[in-house]
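What follows is a short report on a single structure.
The values are calculated or read from the model by the stated rules, or taken from the named source; none is laboratory data. Because the structure is predicted, anything quoted here is derived from the model rather than measured. Protein only, heavy atoms only, side chains kept; ligands, DNA and RNA dropped before computing areas. Shrake-Rupley method; radii C 1.70, N 1.55, O 1.52, S 1.80 Å.
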Amino acid sequence: MKFDTVIIGGGLAGMVAGITLQKAGQQTAIISTGQNALHFFSGSFESLKEANPRIVELFSEAGVRLHYKPGVWLTPLGKFRESALSLEDVDIFPTPQFGRKALIVNFLGYHDFFSSFLAEGLEKQGMSCRVRFLNLPELEILQQSPSEMRSVQIARTMDKLWEKVVQEVRVLLKDEDTVLLPQVFGLQDPSVPGRVRSSIPARVVFAGTLPPSVPGIRTIILLKQRYQLLGGTYMMGDEVVRAHTHEGVVHSVATKNLDNHYIEANNFILCTGGFFSKGLVSNPFQVYEPIFGLDVSYQEDRNLWYNPSFQEDQPYMHFGVKADENLHAIQDGKALENLYVAGSVLGDTHPEFGTAAGAAIRTALHVADEILQN
Amino acid sequence: MKLQEYTRSHHNFEECMKCTVCTAFCPVLQANPLYPGPKQAGPDGERLRLKDPYFFNQALKYCLNCKRCEVACPSGVNVADLIQSARIKYDQTPPKFRDTLLASTDMMGTLARPVAPLVNFATGLGVTKTVMDVTLKIDRHRTFPKYAGRSFESWLKRRRKEQAAFPEQVAYYHGCYVNYNNPQLGKDLVKVLNALGVGVQLLEKEKCCGIALITNGMSAKARKNAEHNIGQLRQAIVDKGLKVVTSSSTCTLTIREEYPNLLGVDNAEVRDSMLMATRFIYEKLEKGAQLKFRADYHKKIAYHTPCHLEKLGWGIFSEKLLQMIPGVEFILLDSNCCGIAGTYGFKKENYKVSQAIGEPLFAQIRSVNPDIVACDCETCKWQIEMSTGYTVMNPISILAEALELNEK
Ligand SMILES: Cc1cc2nc3c(=O)[nH]c(=O)nc-3n(C[C@H](O)[C@H](O)[C@H](O)COP(=O)(O)OP(=O)(O)OC[C@H]3O[C@@H](n4cnc5c(N)ncnc54)[C@H](O)[C@@H]3O)c2cc1C
Ligand code: SF4
Ligand code: SF4
C-alpha cells in the first residue's frame, strides 16, 4: 500500500501532523502500536506561551476547545504551575489566590482524586476548604470492583448523570465561592463541563485525577475522528518493526500485522514518543531508537542517566533522537532526506520548539510544513 | 543486545507498567461490574496466579476475548491471551451442556443442514425460543442463524473442474458459517476471484477453527482441530504451493494467533500464506489486476471493523476495496465492539451486557442510516441485524454484487 506520507506513532504529534497533511490534500497513514501519552495529559500545554491561531483552529475544527489566558493552573496535587494555553476543562487563574472558600467534592470510594492534597494546596494560598463525598447509588455498581473504579468508568456514568451531581453540589454548597470537582465530565460530550459550570452558582474548577485522563481521552477520540473524516488511514494496534532504506532514502516500512505487505511512502515521520511509548529504548549498555537505529543524544556513562534522588530532574528524560534544524532524522551522522522526527522521541534535543505536549504540536506542524514545501 | 529477548515473560506480562489504558477500552468493564477488567484479570491477576492458582477468578469467563485491550496497550502486553490462557490452565469446571452445543458449530451444522427448513422453522418459533431460554439458558431475544439446505462444500465440489481451469489457484478455508449458514458468501468469493482469473479449491477436509471451543472451556478438543487444520493448510501451502484465503476475521485470527499463543500449536510454516480474501484481492489489484464495476451501482455503505479484524490489523484492506467501487459512498464507523463476541451474546446471562456494549455502535448506525452495513464477521452480522434492522453484508459480497460481469 502506498501513501504520500506515512506517520509512525499516533500520539499528539502524529495526529497533528496527519490532520495538517490530510487537510492540505495529502493521502497519509498513521501506524500506531497502542494508545499514547495523551492518556496522561493534564490538559495544559505549559510550553505554549502564545495562542497560535493555527493551533487553536486545528483543535477547534476537531471539536477540541482550547482557551488562552496567561497565569497559573492547579495541578492534581494542589500545586500551581505557569501556563497560558490549555484545554477548556482546565482553568487558568491570574494568581494562585483565586478564591476565598472552596468546596471540594469527591465520589465515595474513588481514590484517584486527591482531595486532601488539593485542600492543603489551596489552604496554603489562604483559602479555606471543605471536602465532601457524594454517595450516588448509580456509582455503587462500580464500587463492587474497587480496583476498577477509575476516572473513565466514572466519566461514562457522568455523561448521563451530571445533572444529578449538579443538584447534589447545589445542596452541599453554603457560602463557598469555588467548587472543585474531579475531571470526569464530558468523556463523550465535550459540552458537559461547560454545562456543569453554568449550572452551579460558584466558580467550578475541574482538577486532575490519576490516569487515564478524561480530557486527554476525549481529545484523542476527537482528533482521531477528525483525521479519519479528512480521509486519513489510521492503523491502530500495529507496530512498525523495520524500515527499508537505500542511500539515505526510506522506501517502505514493515509492520507486525502486515508482515510482507510493506507500506510505501514518499515521506515518513517518526512520532513514536519517548521511553514510555517505546520510541526510545534502553538496555544496560545503550539508549537506542529501535526502528531506524537513528543517532541518539545521550550520555555514554550509565551512571549519569538518572539521578538517585527520585524527585530531582532525571537526565534520561532529556535524551532524544538527533535531527537537523528542519527535523530530518540523523543516521550515522547523516541526515535522511525523507524521514522527519516530531514529538517526544526528540527528547530535549530541540528546545527551540518548547517541551512536552507543546513541543509535540510545534514540531509536528514544522515537519508537515517542510513536507508540503518540498 | 538481545537481553530483553531472553528475559521476556509469557504473553509479555512483565511489560505491564500499570498505566490503566486497557481498562478504558474494555467493553465489558463498561457494562458488567462483575468483571474485574483487563488489567486486573490479565497482568495483575497473573502475578498472583503464578504464586497460587487459588487466585484464579471465575469472573474471567466474562471476558469477550475481543482483544481491544491488546490493541490499546502501549506496552505490547497480550492481555487477552493472558486471560484466556488462565482460563485454559486453571478453570476446572466442566462446560455446561448448552456451551457444548453452542461451541460445536460443525457438529450442529452437519446435524441441522439436512433438515434445514425444519430447524430454521423451529428455532424461529416463539415456543422453541422460550424452551431454549428456560432449559438451555440461550436468550430468547436471539435470532438463530439459519441453516442452508446445501452446504458450500458440496456446491463447490460440483464445480471442481470449472474452477481447476483457471490459470491461478487458491485454496479457501471457508469456516463453518459459510458452509452451513451462508453458502452465498462463499459463492460471492468464488465469483470475485474468478473475475480476477483465480480458481478456488477446497482444502481436503477442514475442521472448525475452534474458537468457540476455546472460549467455552474445551481447549483439548480445540487443540485437536488446530492440529488437524494446520496439517490441512500445510498440504495446500507447503506441498501444493497455494495461498489460502479466508472470509471470516475470527477464523483467521484464531489460526494465525490463537493456535500458537493459546493452544501451543505451531503455525510458522503456514502463517504468512493464509490471508483474508480482502487482502488477497487488494494485493492483486495493487499489482495491476482489474475489476470492472457496474455503472448503476449506488450505495451508501457504513463499514464496521470487527474487533478481531482490528486486532489482525487488516481492516484497511476491506476499507480500501469498498472505497474503490465507484458508486459507493463510504462511511467508516467509529471503532466499537458490537457486543456479541461469538457465542458469548447467545447466553442468557450475557444478553443484557451484550446489548449494552453494542449500543454506541447501533446508535451510530441509526444516525448514519446507510443502505448497507459492511462487516467481515458473521457474528457481528447477526448482532447488528437483530439490534438495528439494517442489512449487514461481508465486503466480499458487496464486491460481488457491484461487479460488472461479461456473462458468457
Ligand atoms: C506519563 C506521561 C505524562 C505526561 N503528561 C504530560 C502533561 O500533562 N502535559 C504535557 O504537556 N506533556 C505531558 N507528557 C509529555 C508527552 O510526552 C507529550 O505531551 C506528548 O503527548 C507526546 O506526544 P507524542 O505524539 O510525541 O508521543 P506519544 O503520545 O508517546 O505517542 C507515541 C505513539 O507512538 C507509538 N509507537 C511507538 N513505537 C511504535 C512503532 N514501532 N510502531 C508504531 N507505533 C509506535 C506509541 O504506541 C504511541 O501511541 C507526558 C508524558 C508521559 C509519558
Ligand atoms: S494497557 Fe498494557 S501496560 Fe497499561 S495497564 Fe493495561 S496491560 Fe498494563
Ligand atoms: S479481550 Fe475484550 S473483554 Fe476481554 S479484557 Fe480485553 S477488552 Fe475486555
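Summary table
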| item | result |
| --- | --- |
| Heavy-atom accessible area, 1.4 Å probe, ligands and nucleic acids excluded: residues of the stretch B:41-84 down by at least 40 Å² from chain alone | B:Val71, B:Pro74 |
| Cα centroid separation, the stretch B:229-265 to the stretch B:170-198 (Å) | 17 |
| The stretch B:3-90, accessible area per residue, ligands and nucleic acids excluded (1.4 Å, Å²) | 40 |
| Contact order relative to length of the stretch B:227-305, as percent, for alpha carbon pairs under 8 angstrom and 6 or more apart | 30 |
| Reach of B:Lys348 by Cα under 12 Å, taken over aspartates and glutamates that are not fewer than 8 positions away in the same chain | B:Asp99, B:Asp133, B:Asp139 |
| Value of Rg/Rh across the stretch A:65-210 [Cα atoms, Kirkwood radius] | 0.94 |
| Accessible area of the stretch A:330-374 divided out per residue, in Å², using a probe of 1.4 angstrom | 42 |
| The protein assembly as shown, helix-only ellipticity at 222 nm - DSSP H runs n ≥ 4, -39,500 (n - 2.57), divided by all residues, nearest 500 | -10500 deg cm²/dmol |
| List of the stretch B:266-287 residues, accessible area with partners at least 50 Å² below that of the chain alone (1.4 Å probe) | B:Arg279 |
| Size of the B/A contact, given as accessible area buried on both chains, probe 1.4 Å, in Å² | 3300 |
| Choice from A:Gln188, A:Gln311, A:Gln286 showing the highest fluctuation, given a GNM over chain A with Cα pairs closer than 10 Å | A:Gln311 |
| Chain A, Rg to Rh (Cα coordinates; Rh as Kirkwood inverse mean 1/r) | 1.01 |
| Per-residue HN-Hα couplings for the stretch A:159-175 [Karplus 6.51, -1.76, 1.60; θ = phi - 60°; Hz; x = Gly/Pro] | 4, 9, 9, 4, 5, 5, 4, 4, 4, 4, 5, 4, 5, 6, 5, 10, 9 |
| Per residue solvent-accessible surface (Å²) - the stretch A:204-321, probe of 1.4 Å | 43 |
| Relative contact order of chain A, defined on C-alpha pairs under 8 angstrom at six or more residues apart (%) | 21 |
| Tail beyond 46 Å, pair distance distribution of the protein assembly as shown (Cα, percent) | 25 |
| Cross-link pairs beyond the 26 Å C-alpha cut-off, checked among B:Lys161/B:Lys284; B:Lys205/B:Lys240; B:Lys18/B:Lys381; A:Lys224/A:Lys322; B:Lys191/B:Lys300 | B:Lys18/B:Lys381; A:Lys224/A:Lys322 |
| The stretch B:315-331-the stretch A:152-224 distance, computed between alpha-carbon centres (Å) | 39 |
| Percent carbon-and-sulfur accessible area, the protein assembly as shown, ignoring ligands, DNA and RNA, probe 1.4 Å | 53 |
| Cross-link table A:Lys79/A:Lys101; B:Lys221/B:Lys347; B:Lys207/B:Lys292, entries beyond 28 Å C-alpha to C-alpha | B:Lys207/B:Lys292 |
| Drop in accessible area of at least 40 Å² in the complex versus isolated chain, residues of the stretch A:128-167, 1.4 Å probe | A:Glu148, A:Arg150, A:Gln153, A:Arg156 |
| Under Karplus coefficients 6.51, -1.76 and 1.60, residue-wise ³J(HN,Hα) of the stretch B:189-194 in Hz, glycine/proline x | 4, 4, 4, 5, 5, 4 |
